[in-house]
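Only the coordinates and a few stated rules stand behind these numbers; no lab work does. What you are looking at is a predicted structure, and each value in this text was computed from that prediction instead of being measured. Glycine also receives a Cβ, built like all others from the backbone with ideal geometry; neighbour counts cover every protein chain displayed.
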Amino acid sequence: MALLKMKFSQQRRVRLAQGLWLLSWLAVMCGAFIFCLGVYLKIELLRRDEVMEDTDIHAVPNLLMLVGLASIGANWVASRVCQDSLDASRFPRWKVLLLGWYAVAVLLCCLLLAVVVLSYALQGRLEESLKVGLRNGIRFYKDTDVPGRCFQKETIDRLQMEFRCCGNNNFKDWFEIQWVSNRYLDFTSQEVKDRIRSNVDGRYLLDGVPFSCCNPASPRPCLQNQLTDSRAHYNYEYQSEELNLYSRGCRQALTDYYMGLMNSTGPGVLSVILIQLSVLLSMRYLQTAVDGAMALESPEGESEGYILEKDVKATYAEVKAKALDLLKFAQVDPASEVAGAEEGEKAAEASAKAATPPPAS
Amino acid sequence: MAVLKVKFTKTRRDKLAQILWILNWISVVTGVILFSLGLFLKVELKKREELMAEKDIQYVPNMLIAVGLIACIINFLGGKICYDCVDSTKFLRWKLIMLPYIVCTFFFTLCVLVGALMCYSMHWELEEALNLGLMQAMRFYKDTDMPGRCFLKHTVDTLQIQFQCCGNSGYKDWFQIQWISNRYLDMSKKEVIDRLRSNVEGKYLMDGVPFSCCNIDSPRPCIQQQITNNSAHFNYEHQTEDQNLWMKGCRQALLEYYTHIMQSIGLTVLITWLFELSVLTGVRYLQTSLENMLRQGDPDSESDGWLLENSFMETARTNLSIIKSLGKSNQINTANNGDPNIDVPSTSKAHYGPDNVPPKEKMETS
């Protein structure tokens, strides 16, 4: 009792082959789309490489690129199979390949599903990586004269302006580190000496932020220094002022940005999975229908197409038996070896007996 | 003595018609490109509308849009004509239209050339508009509470950040205007009152710039206040410091940006003009060779094609005399001193017999 059996006349077989050929070319385009998506995502992640600590999240674009390339190859093979399917002389050579092709197609669908799952699962890792990366970036902001770190200031400034964010969690992160280099501090000034003495590590801390935290949408010219002191500026209330600087933290801003990117690719990936599955099913129908037609006396007649020859349980039992058989064949069975040796001896004796003529009586 | 005469066999005529058909369709595509370039320029100019004073610079993109549309229509028609010219019977349909079409297309290519030249001449008007517009925008930078001007601060800040520029000609422009609103000035402080008194108009002027002038590439945290005072900052020299703020003026930055766009568009339009001219030349040759072929009567014969039948001077003279005679047909005949009442002997052939014939005598006298 075959699974999902369908009857196919010659005309329907031809239509199926043509439709599948178009569908497989569509699937090739989808594979190319997935590849480009992977490349785009990778480039976006690489652009902000400097504020990310580790590269776990790169698994998503890498997987997308791999699946895209594999999908292009597999679906191109499918289109070739379709072209040859109605020609009885050329189709048999593809038969061997088809089982492997099914396995590859199923694997591709699973990998695409894994990509969707990963993009949600790796969000935590991304946040962690950004947290550490941004913390380092802010710490080395002032080191514009240290080789290897001299571009941190520019990177952080550009990041804060582009993503409209300030600091790691919020702007108060800037109060906890020294972001003005010692080269620009006048150590003879009393104010500087006081500030340096006011904390254990001897750092010049101030309640000010760099200019890149300033919000252009504020109605007031930007206030950068003495932010916590409401009296230092006229008509200024520290607690209620929210337009002066960017209120969002850069970690939140970057995470939102990347999650948004990956979420928007979600529907595209899901539809590619659907297309790949439909190519798989149609290919199976085509294979069984054409095989059935070739086995008939009149190749132009009706044949049956199905997904599985027997139902699921029977197929599973068959596959299990075949697999065990293969395993048995591969094993060195000591019992059968001895029996084989004995048989061999017996045969040698028999032939020796036959060879030597019986003693003449 | 024709201008640039070329012999055309039948196969050459057919090939010419086919090639011209393809070229006309390519010209339709270039017409679409011109149209979209005009649209792009219009959008770019509209985006920065707030920073440009009321000068009429929209005529350049409008002209490009119009030229692009007309190019599409003309070349579409030309493609149709050339497609039909392969068949000499179909050519008869278009025979009368072809010469006016060629003349119109010739004048149209002149318009395309004018459009290209306008792209390059817009530079000066744009500079004037930007100069005035930026000056106004900086003056109203502080008026974030006035409706109609409340977004100028945001516009100027994002402009300075995006184009990496500061002020109109340079950062010193900010020293001459009050860019901090009175709402945020503590009028009870002595320092504020001193500054307000220090100039005639009572403006709060300072040697400071907004944060958007800060240079990202500076190794040092940005110095925005007391820029000209060397002693206010440690290890700072005002004259030699060029990495702290953006050195370029926004007028120059915007002008460079728009000039770059204009030059690319102008180049594209010039190339389109040359292309149109060559297509026009081809169509003229096709027309003259087909007409000559018709005159000879044999569709398979060789015929001559030329640009002008007689030399340039003769053609010009002939055309001028045609125009003059067109003008004359409306005028009255001025022979006989212009008096229309003088008796001119009739030259009609009708003869009604001699004059002064006596009447017939009465037959009866009673």
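Key figures
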{"read-out": "Mean Cβ neighbour count within 10 Å, used as a protection proxy, ranking A:124-132, B:298-306 highest first", "value": "A:124-132, B:298-306"}
{"read-out": "Exposure proxy ranking, count of Cβ atoms within 10 Å, fewest first, for A:86, B:4", "value": "B:4, A:86"}
{"read-out": "Between 0 and 90°, nearest 10: helix A:10-47 axis offset from chain A longest Cα axis", "value": "30 degrees"}
{"read-out": "Neighbourhood net charge (10 Å Cβ-Cβ; Lys/Arg +1, Asp/Glu -1) for residue B:164", "value": "0"}
{"read-out": "Size of charge dipole - chain A - debye, nearest 20, with Cβ of Lys, Arg +1 and Asp, Glu -1, no other charges", "value": "600 debye"}
{"read-out": "Degrees between helix A:250-295 axis and first principal axis of chain A (Cα, 0 to 90, nearest 10)", "value": "10 degrees"}
{"read-out": "Residue A:172/residue B:158 FRET efficiency (R0 25 Å; Cβ-Cβ; nearest 0.05)", "value": "0.45"}
{"read-out": "For residues of A:184-190, the mean tally of beta carbons on other chains within 10 Å", "value": "2"}
{"read-out": "Ellipticity estimate at 222 nm from DSSP helix runs (n ≥ 4, -39,500 (n - 2.57)) divided over chain B, nearest 500", "value": "-20000 deg cm²/dmol"}
{"read-out": "q = 0.10, 0.17, 0.18 Å⁻¹, the stretch B:71-223: log10 I(q)/I(0) [Debye, one scatterer per Cα]", "value": "-0.59, -1.05, -1.12"}
{"read-out": "Only Lys, Arg (+1) and Asp, Glu (-1) charged, at Cβ; the protein assembly as shown dipole about Cα centre in debye", "value": "840 debye"}
{"read-out": "P(r) weight above 21 Å for the stretch B:1-127, C-alpha pairs, percent", "value": "53 percent"}
{"read-out": "Cα pair distances exceeding 36 angstrom across the protein assembly as shown, given as percent", "value": "71 percent"}
{"read-out": "Length gained when the stretch residue B:198-residue B:77 is fully extended (0.36 nm per residue, less Cα-Cα span)", "value": "36.4 nm"}
{"read-out": "Rg in Å to one decimal, and Dmax rounded to a whole Å, for the stretch B:171-247 via C-alpha atoms", "value": "13.7, 38"}
{"read-out": "Nearest-ten-degree value, helix A:334-355 long axis tilted from longest Cα axis of chain A", "value": "30 degrees"}
{"read-out": "Distance between modelled label sites at residue A:313 and residue B:3, nm, 7 Å Cα→Cβ extension", "value": "9.5 nm"}
{"read-out": "D_trans [Stokes-Einstein, Kirkwood Rh over alpha-carbon pairs] for chain B, 20 °C, 1.002 mPa s, µm² s⁻¹", "value": "77 µm²/s"}
{"read-out": "Stokes-Einstein D (µm²/s) once Rh is taken as the Kirkwood radius of the stretch A:171-247 over alpha-carbon pairs, at 25 °C in 0.890 mPa s", "value": "180 µm²/s"}
{"read-out": "Size descriptor, Kirkwood hydrodynamic radius, that averages inverse alpha-carbon separations across chain A, Å", "value": "27.3 Å"}
{"read-out": "Selected from B:244, B:235, B:310 as most flexible by GNM, with chain B as the system and alpha-carbon contacts under 10 Å", "value": "B:235"}
{"read-out": "Shielding of B:176-186 by partner chains, average beta-carbon count, 10 Å", "value": "2"}
{"read-out": "Calculated SAXS-style log₁₀ I(q)/I(0) at q = 0.22 Å⁻¹ - the stretch B:235-291, Debye, Cα scatterers", "value": "-0.88"}
{"read-out": "Chain lengthening between residue A:321 and residue A:256 when straightened (0.36 nm per residue, less Cα-Cα)", "value": "18.3 nm"}
{"read-out": "Per-pair calculated FRET efficiency, R0 = 51 Å: residue A:106 and residue A:200 via Cβ, rounded to 0.05", "value": "0.25"}
{"read-out": "GNM result for chain A, Cα springs below 10 Å: residue of A:47, A:15, A:231 fluctuating most strongly", "value": "A:231"}
{"read-out": "Formal net charge of residues neighbouring residue B:322 (Cβ-Cβ distance under 13 Å; K, R +1; D, E -1)", "value": "+2"}
{"read-out": "Inter-label distance for residue A:55 and residue A:40, nm, one decimal - labels placed 7 Å from Cα along Cα-to-Cβ", "value": "2.3 nm"}
{"read-out": "Of the DSSP H helices in chain B, those whose Cα atoms cover at least 15 Å axially and whose Kyte score averages 1.0 or more", "value": "B:59-85"}
{"read-out": "Other-chain or far-sequence residues with amide H under 5 Å of residue B:308's (modelled H)", "value": "B:3"}
{"read-out": "Under DSSP loop assignment and at most 12 Cβ neighbours within 10 Å, longest trypsin sites (Lys or Arg not before Pro)-free interval of chain B", "value": "B:1-188"}
{"read-out": "For the stretch A:200-317: span of alpha carbons on each principal axis (Å, largest first)", "value": "99, 37, 21"}
{"read-out": "Over chain A: helical MRE at 222 nm, DSSP H runs n ≥ 4 each giving -39500 (n - 2.57), nearest 500", "value": "-21500 deg cm²/dmol"}
{"read-out": "Candidate aspartates and glutamates - alpha carbon under 16 Å from residue A:153, same-chain residues fewer than 8 apart omitted", "value": "A:49, A:50, A:143, A:145, A:162, A:173, B:217"}
{"read-out": "Over the stretch A:238-307: Rg over Rh, Cα atoms, Kirkwood Rh", "value": "1.61"}
{"read-out": "Size of charge dipole - the stretch B:171-247 - debye, nearest 20, with Cβ of Lys, Arg +1 and Asp, Glu -1, no other charges", "value": "380 debye"}
{"read-out": "Cα centroid separation, the stretch B:228-271 to the stretch A:123-148 (Å)", "value": "31 Å"}
{"read-out": "Listed residues A:73, A:305, A:38, most fluctuating in chain A (Gaussian network, C-alpha, under 10 Å)", "value": "A:73"}
